[in-house]
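Some notes on the structure that comes next.
The values are calculated or read from the model by the stated rules, or taken from the named source; none is laboratory data. Quantities reported herein were computed from a predicted structural model and do not represent experimental measurements. Cβ sites come from the backbone with ideal geometry, for glycine too, and all protein chains shown count toward neighbours.
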Amino acid sequence: MKICVQTGDVVDELGVEKGYALFKKAGFGGIDWNLDHTWKPGDVRKGIYGGNCIFEKPLDEVVEYYKEELETIKKNGLTISQAHALFPCWVREYPEFIDYAVEAYKRNIEFCDYIGCPRLVIHGVSYSLADEVNTPADIYALNEKLYTSLIPTLLECKVTVCLENLFVTYNGVNYQGCCSDALKAAEFIDMLNEKAGREVFGLCLDTGHANILHHDLRVVIQQYGKRIKCLHIHDNNGAKDQHRAPITGTIDWNHFCAALREIGYKGDLSFETYAQTCAASKFDESMVYPWLKLICETGKVFRKKITG
């Protein structure tokens, strides 16, 4: 069980050499690679996407594009535990975008297989009260189309696509998004794996998303069960998705650790605490390392509580 951290925004702000060296120095054993940073969600939502993403290119060009960064990751002895795929996958005003996204995800999966990254997190489509056109059934159909379209590629690769428990904010109130209803998510993931004929889908549990929906982590972790293949660990105040370091918000981390222990979780512990390190960097770059070190040490305590 490695202690891992998401690469954004440390690598984005400090650069490849300095960023990965800091991860190593802080004691992390692996990373959650932010491959989603190759397109900007703001542009996509404006209908600007074609010709702007490396994952439109053949696999050899993708490999060449990431060659230097990949070498730096390996030089620092870091495992690529998981990666975060491009998002969003669908834009209400540009419904044809989902077909473009599917093709990018296929290349994303092939790249993960090439570099030995076993898990890729792909956000699904969430129903919003702001949508006056699509029904919940329409949104379900979009998610079924999205993920089943990836099955042929997944069957040729050693990669598990992990759906994530999401939320939607409408008029200042947070509502359940794709996969945040644990029992329905479990049914959906099981259905996808049955269609695939083997287990190629799982869940990435995002602790912060669960907290702003006021979910008891001990309950939902039991409901998701062994479908949980990876984690986005971070804290918040129970109202906003803040991506703080653990124990700086309102999450009951004893419930979190106990529940993972109860379901026999064997994956890595990956922290999505980029807002904490970004704030530290903006204050003074020298503060990034102490926060990374503290987050890593917190992970070691979590690991001890989970594994005994």
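General observations
- Gly47 vs. criteria more than 17 Å from His234 (Cβ to Cβ), touching a residue at least 40 places away in the same chain (Cβ under 8 Å) and within 18 Å of the chain's Cα centre (by Cα): no
- Counted residues, segment 184-205 - those being touching a Ser or Thr at 6+ places or on another chain (Cβ under 9 Å) and of a type in the set (Asp, Glu): 1
- Pairs with Cβ under 8 Å, 6+ apart, first in segment 219-235 and touching a residue at least 24 places away in the same chain (Cβ under 8 Å) and more than 12 Å from Asp206 (Cβ to Cβ), second of a type in the set (S, T, N, Q) and not in a helix (DSSP H, G or I): Lys229/Thr160
- Flag if His215 is in a loop (DSSP other than H, G, I, E, B) and either of a type in the set (Ser, Thr, Tyr) or surrounded by 14 or more Cβ atoms within 10 Å (Cβ to Cβ) (or both): yes
- Test: Ile221 is in a helix (DSSP H, G or I), within 26 Å of Lys18 (Cβ to Cβ) and not small (Gly, Ala, Ser): no
- Test: residue in segment 12-31 that is under 18 Å from the mean Cα position of the chain (by Cα) and farther than 20 Å from Phe302 by Cα: yes
- Residues of segment 248-279 that are among the hydrophobic types (A, V, I, L, M, F, W, C) and either closer than 22 Å to Asn174 by Cα or surrounded by 19 or more Cβ atoms within 10 Å (Cβ to Cβ) (or both): Ile251, Trp253, Phe256, Cys257, Ala259, Leu260, Leu269, Phe271, Ala275.
- Whichever residue in segment 129-141 is in contact with a Phe, Trp or Tyr (Cβ under 6 Å, 6 or more places away or on another chain) and modelled with pLDDT of 95 or more and, among such residues, is farthest from Leu59 (Cα to Cα): Pro136
- Selection status of Gly264, under 17 Å from Ser81 (Cα atoms), modelled with pLDDT of 95 or more and out of contact with any His (no Cβ under 6 Å at 6 or more places or on another chain): no
- Only a single item in (1) farther than 15 Å from Trp90 by Cβ; (2) of a type outside the set (Ser, Thr, Tyr); (3) touching a strand residue (DSSP E or B) at 6+ places or on another chain (Cβ under 6 Å) is not met by Leu163, and it is number (1).
- The requirement of being crowded, with 18+ Cβ neighbours inside 10 Å and under 15 Å from His123 (Cβ atoms) is not satisfied by Cys157.
- Wholly within segment 1-119, strands (runs of 3 or more DSSP E) carrying at least 2 residues that are buried (at least 17 other Cβ atoms within 10 Å of the Cβ), of a type in the set (Val, Ile, Thr) and at pLDDT 95 or above: 3-6, 79-84
- Just one of the listed residues (Lys226, Lys266) is within 20 Å of the chain's Cα centre (by Cα), under 25 Å from Met1 (Cα atoms) and part of a helix (DSSP H, G or I), namely Lys226.
- Inter-residue pairs, beta-carbon under 6 Å, first touching a residue at least 12 places away in the same chain (Cβ under 8 Å) and under 18 Å from His234 (Cβ atoms) and in segment 278-301, second among the small types (Gly, Ala, Ser) and outside any helix (DSSP H, G or I), 6+ apart: Ile295/Ala245; Cys296/Gly27
- Filter result for the condition that a residue is at pLDDT 95 or above and surrounded by fewer than 21 Cβ atoms within 10 Å (Cβ to Cβ), over Lys282, Lys229, Lys240: Lys240
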